[in-house]
Amino acid sequence: MVDGPRRWWGGPLDTERLARTEVCRVRDAAADLAAARGLDTRIDTTDALTAASFAAHEHLRIDGRAPRAWGEFSGFVAARDGWVRLHGNYPHHAAIIRDVLGIDDRAGLEREVGHREVAEVETRIVAAGGIAVAVRTEHEWQGHPHHLATAGEPWSSVEERRDRPELSSLREPTTAPVGAAAGRPATLPLHGVRVLDLTRVIAGPTCTQLLACLGADVLRIDPPHRPEILAQHLSTGMGKRSALLDLRRDAGRLRDLAAEADVILDGYRPGALAAHGLGTEDLERTAPRALLVSLSAWGEHGPWGGRAGFDSIVQATTGIAVRCGTEGRPGALPVQALDHASGHRMAGHILDGLVRGRAATIRVNLLGAARTLLGEPPPDARAAPPADGREALEVPRVSVMSADGPLEAVPPPLQIAGRTLERPVGGYGAATVGWTR
């Protein structure tokens, strides 16, 4: 008999503990906010919802078909003296890998990297604006200059700035949000809250999807010249509005939107939006009463403080990939847990700030999630899922409509009054640039 919750994924790290902790944190924050707004309702979660939501992209079905998870140039590649991990899902990142190495396909990638040392591949691709890291052991990472500069920094921090207007009571019934399914609560805890979403990929969009499904008016803005991958939009787009805006010409329009927002999230490379007058310090002046969230891969200081990165890249260079590897080949966590856990951590901080009635600047980094996971006690081997999968958790997919056809998707991992929170997914880039209420 196992003392404690059974594991879902297995592996050498306690990924389940990380997932449960952050989802339960945001569940409690949502319950506090509902109570503060006068809503008498039960908010809870389940292991099945939590586990499935951390693999939302993998469980997505678009008109019955699973999306492709990785680009041709993404993944581990053997070099002459070790391994590198590349990220080429976005066309502009794939183009950099292709140009730097002079290749056309995966076979060429493996051939050219195999002739080079790890340090050369990492340095040249990053210098050209691409995404690559050497696969390092935990010991090697602990001697790296960026680790030494940031080891004491937390996964997340909250700096309160001033009071903000309290959210109105929702004791009286309000009109159900557009797209609410029959039987869903007509009043949701974030009704009337405006969220400006300047994030991409998984962590930020996971956070804002949850906020949208809790009733917020979430407006996501993307640059027209760097479109989001459609499957990523569909897997994290429930309840949001998606619009395109070119900051090279219309930054003033985005600043006007920010001035009227309650919550603003920035998930771009640190400093990238400052060039348009939309950096964190700029937004503190533009939207003094807003909750501001700055999400980064590596933190905002140290040698890599201005570098872009992704969950898989952080796993590879901090030692997680080596811990998850077999027979000399690096591996990965069963899900992109650094992203999903960070997304829920952000959502928890946002909900806490709204309950407290305090404007704040919130900083979250994926590197901190990796440190937290690596620092957890070893998982109990007795709680590992059985090899035959008999006790595997079911995947609670729901049917939702999208502008690209019917979807089978995993909803956010919270329930209100025993019901899941799924909502339709709007068309990518199809919304008006403005607030609905």
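The simple Förster model, with R0 at 30 Å and r as the Cβ-Cβ distance, assigns GLU260 and GLU160 a FRET efficiency of 0.90. By its C-alpha gyration tensor, with a ≥ b ≥ c as the square roots of the eigenvalues, how is the stretch 331-437 shaped: rounded for a/c under 1.5, else prolate for a/b larger than b/c, else oblate? Oblate, because a/c is 1.5 or more while a/b does not exceed b/c.
Projecting the Cα positions of TYR428, MET401, GLN336 onto the charge dipole of the stretch 317-437 (unit charges on Cβ atoms of Lys, Arg, Asp and Glu, taken about the Cα centre) puts TYR428 furthest along the positive direction.
Take the Cβ-Cβ distance between ASP81 and GLU394 as r, set R0 to 60 Å, and report the resulting FRET efficiency rounded to the nearest 0.05. All intermediate terms of the calculation are to be shown ahead of the outcome.
On the way: r = 45 Å, r/R0 = 0.74.
For R0 = 60 Å, the calculated efficiency reads 0.85.
Per residue, the solvent-accessible area of the chain (1.4 Å probe, heavy atoms of protein chains only, all protein chains present) comes to 42 Å². Diffusion coefficient (Stokes-Einstein, Kirkwood radius over C-alpha pairs, 4 °C, 1.567 mPa s) for the stretch 246-350: 83 µm²/s, rounded to a whole number. The H on the amide N of GLY325, modeled in the peptide plane, is under 5 Å from the matching H of GLY331, each at least 5 residues off or on a different chain.
Taking the Cα of ASP105, stepping 7 Å toward and past its beta carbon, and measuring to each backbone N in the stretch 57-93: which are under 14 Å? Within reach of a label on ASP105: 72-73.
Check which residues have an amide H placed less than 5 Å from ILE131's amide H, if you skip close sequence neighbours. When sequence neighbours closer than 5 places are left aside, the close amide H contacts are HIS87. Seen against the Cα atoms of the chain and their longest principal axis, helix 337-356 is set at about 30 degrees. One decimal place: the segment HIS92-ALA35 gains 15.9 nm when fully extended, by the rule 0.36 nm per residue minus the C-alpha distance. The listed peptides 296-309, 38-51, ordered by packing as a protection proxy, come out as 296-309, 38-51 (highest mean of other Cβ atoms within 10 Å first). The relative contact order of the chain, computed from alpha carbon pairs under 8 Å that lie at least 6 residues apart in sequence, is 27 percent.
Applying a 10 Å radius around every beta-carbon, put 325-331, 339-345 in order of their mean neighbour count, most first.
Working: 325-331: 12.7, 339-345: 28.9.
Packing order, densest peptide first, comes out as 339-345, 325-331.
The residue among GLY277, VAL133, GLY108 whose Cα reaches farthest toward the positive pole of the charge dipole of the chain, with charges on the beta-carbon of Lys, Arg, Asp and Glu, is GLY277.
Near ARG358, the amide H atoms lying under 5 Å from its own belong to ARG164; only residues 5 or more places off or on other chains count, and H is placed 1.01 Å from N.
Can you classify the chain as rounded, prolate or oblate using the Cα gyration tensor, where a ≥ b ≥ c are the square roots of its eigenvalues, rounded means a/c under 1.5, and otherwise it's prolate if a/b beats b/c and oblate if not? Don't skip to the answer; put the middle values down first.
On the way: a/c = 1.58, a/b = 1.30, b/c = 1.22.
Since a/c reaches 1.5 and a/b is larger than b/c, the shape of the chain is classed as prolate.
Exposure check, 1.4 Å probe, all protein chains in place: CYS207 carries approximately 0 Å² of accessible surface. Computed with a 1.4 Å probe on the full set of protein chains, the accessible area for PHE76 sits at about 30 Å².
Given the chain, what percent of its DSSP beta bridges are antiparallel, to the nearest 5? List each step's numbers first, then the result.
Numbers: 27 of 50 bridges.
Just about 55 percent of them are antiparallel.
Summarise the accessible area of the chain (1.4 Å probe, protein heavy atoms) by the percent that is carbon and sulfur. Ligands and nucleic acids excluded, carbon and sulfur give 49 percent.
A crude spin-label estimate for the pair THR21 and THR123, with each label 7 Å from Cα along the Cβ direction, gives 3.7 nm.
Could you give the length gained on full extension between ARG6 and ALA151, defined as 0.36 nm per residue of separation minus the Cα-Cα distance, in nm?
Working: separation 145, 0.36 × 145 = 52.20 nm, distance 3.13 nm.
Once the chain is fully extended between ARG6 and ALA151, it gains 49.1 nm.
What order do you get for 275-283, 376-384 when each peptide is scored by the mean count of other beta carbon atoms within 10 Å, highest first?
Values: 275-283: 16.3, 376-384: 12.6.
Per-residue Cβ counts within 10 Å, averaged per peptide and sorted highest first, yield 275-283, 376-384.
The Kirkwood radius of the stretch 182-284, taken over pairs of alpha-carbon atoms, gives through the Stokes-Einstein law at 25 °C and 0.890 mPa s a diffusion coefficient of 173 µm² s⁻¹.
The values are calculated or read from the model by the stated rules, or taken from the named source; none is laboratory data. Note that the structure is a prediction, hence the values are computed from the model and not measured. As a convention, Cβ positions derive from the backbone with ideal geometry for all residues, glycine included, and neighbour counts pool all protein chains shown. To get the accessible areas, we keep the full protein, side chains included, count just its heavy atoms, and leave off ligands, DNA and RNA. Shrake-Rupley method; radii C 1.70, N 1.55, O 1.52, S 1.80 Å.
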